[in-house]
1. If you plug each phi of the range 98-105 into the Karplus form 6.51 cos²θ - 1.76 cosθ + 1.60 with θ = phi - 60°, what whole-Hz ³J(HN,Hα) values come out, in order, with x for Gly and Pro?
2. Using a 10 Å cut-off on Cβ atoms, rank the peptides 175-185, 288-298 from the highest mean neighbour count down.
3. Order 36-45, 434-443, 62-71 from most to least packed using the mean count of other Cβ atoms within 10 Å.
4. Here are a few candidate values for Rg and Dmax of the Cα atoms in Å: [x] 27.9, 82; [y] 20.5, 60; [z] 21.0, 71. Which one was actually calculated from the structure I just gave you?
5. Which net charge results when you count Lys and Arg as +1 and Asp and Glu as -1 among the other residues whose beta-carbon is under 10 Å from that of Val181?
6. Using the beta-carbon distance between Gln279 and Val88 and R0 = 51 Å, what value does 1/(1 + (r/R0)^6) give for FRET efficiency, to the nearest 0.05?
7. Can you give me the pair-distance distribution of the range 314-438, C-alpha pairs, 5 Å bins, whole percents?
8. How much length is gained on full extension from Leu427 to Gln240, taking 0.36 nm per residue of separation minus their Cα-Cα distance?
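Every number here is computed from the coordinates shown, using simple stated rules; none is lab data. Computed from a prediction, not measured in an experiment: that's the story for all the values here. Neighbour counts are summed over all protein chains in view; Cβ atoms, including those assigned to glycine, are modelled from backbone coordinates with ideal geometry.
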Amino acid sequence: MEAAALAASAPSERTRLTLGGQVGYGVGQIAGQIFRDIPSLLLLFFLTNVVGMDVALAGAAIFLPKLVFGVGSDFAVGMLSDRLKGRVPRRYWLLVGAVLAPLALTLLFRVPDGDNAQRAAWVIVTFSLYMVVFATFSVPYLAIAGELASNERQRTVLMAWRLVFTAVGVLTAGAVAPALVEQFGGGADGYRQMAVVLSVIASASLLLAFFGIGRKADGAQGAFATPPLRFGAMAGLFAQRRFASLFAANFLQLTGSGMGYATMLYFLTYQSGRADALQVIGVIILSACAGIIAAQPFWVWAAGRFGKPRAFIAGSVIYALSYMVWLLLADQPIWVAYLLAFTAAIGNSGWTVIGFSMLADIAADDADHSGLYSAAWIAADKIAFALGGTLLTGLVLSAFGFDAARAVAGLPQSESAVLGVGLAFGLIPPVLTLIGAAIIGIWARKYPPVG
């Protein structure tokens, strides 16, 4: 009875978040974005064009740990953070991540000499550790959002701040990291030293979030009853049609997004013929970050004015069209790529922030399992991004004849391989994104709004 009374009183005890609390929460996403984007943007390219691994084997070696340890770790941390939140507030999980992040990130780029099998084994083991560490902070971090904000608009605003710092994380992983590789001389040593620098940034981000969120989060989490630890609760999430629809749309779109992100360096190198791809991609990522930040006030307004499903669909269409046009204009001056990266980021940030906001709405109605909702969402993010950004990308490029040995030697690829790069970058991702948007369109017609 006492626990139930506390649960019932919790929403009224949560007041409007201060600006400092919103920023404090958002800054933690820098670490999450670094851990998410570095494997997707740089690791596959590093393994094929620097280490010399077969592209399909390298993609599989990255994907398998995400599938096994990604899902397992996410759900384990989600259930434990739900179970222990009355005694161990979720923000303390961020400290665990801050301590372990440098170890996980630096080991990833220290692939030893050896044959393909030995290198693949190293990638599988170190990336499995990487996924466990990622789960320790990413799942509780997302769950905190639903407990800090008490209504739909607050959750949208909080997620908008999260997307602002997503842009900072994207800039760090997508522009700063390649620049550091070049600054440190390129090659394997350049990637290793880059990983050390980024590990420090990731740890600092988590520490800033821990102190920025403060005790307000502790009080909100402690107000709820402690739920039983039931593995069957995971399956119960997908019995909810709203969540199942949102999850399916998100998974498809993240698969496409991961594919486009992972093939960007390949696209610039082989479709656009850029020998300076590592330098150019920094400006492209900067343009994308500008689009993400500039679009947040608009998406908050659009969600309130037209409803979250319609805003989600609009963002999806903008993103898909941008990539299709980019494919058609691959050989145009580089400023065209900068412009299209900007518009694609506007669309991407739309379906991302609205998706997170709808998830927080759903989780808020079932606060005892908010950690599980976050675990499912983060697991989808990791698996879909890996599925698109490593396994599917590797399979598509391999099927079209991409030759890693020629890539290491700096030789051109066959026409078929270049075509495969174009499809993996500018056609498959938009198609998957539009299918996801269609799922949300069906949701909007069949199910009443959340909240």
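1. 4, 6, 8, 4, x, 4, 5, 6
2. Numbers: 175-185: 18.1, 288-298: 20.4.
Top of the packing list down: 288-298, 175-185.
3. On the way: 36-45: 25.6, 434-443: 19.5, 62-71: 21.8.
Packing order, densest peptide first, comes out as 36-45, 62-71, 434-443.
4. Label of the calculated value: [z].
5. Taking every other residue near Val181 into account, the sum is -1.
6. Details: r = 45 Å, r/R0 = 0.88.
It comes out at approximately 0.70.
7. For the range 314-438, the binned pair fractions read 2, 10, 14, 17, 18, 15, 10, 7, 4, 3, 1, 0 percent.
8. Working: separation 187, 0.36 × 187 = 67.32 nm, distance 3.17 nm.
Contour length minus the Cα-Cα distance gives 64.1 nm.
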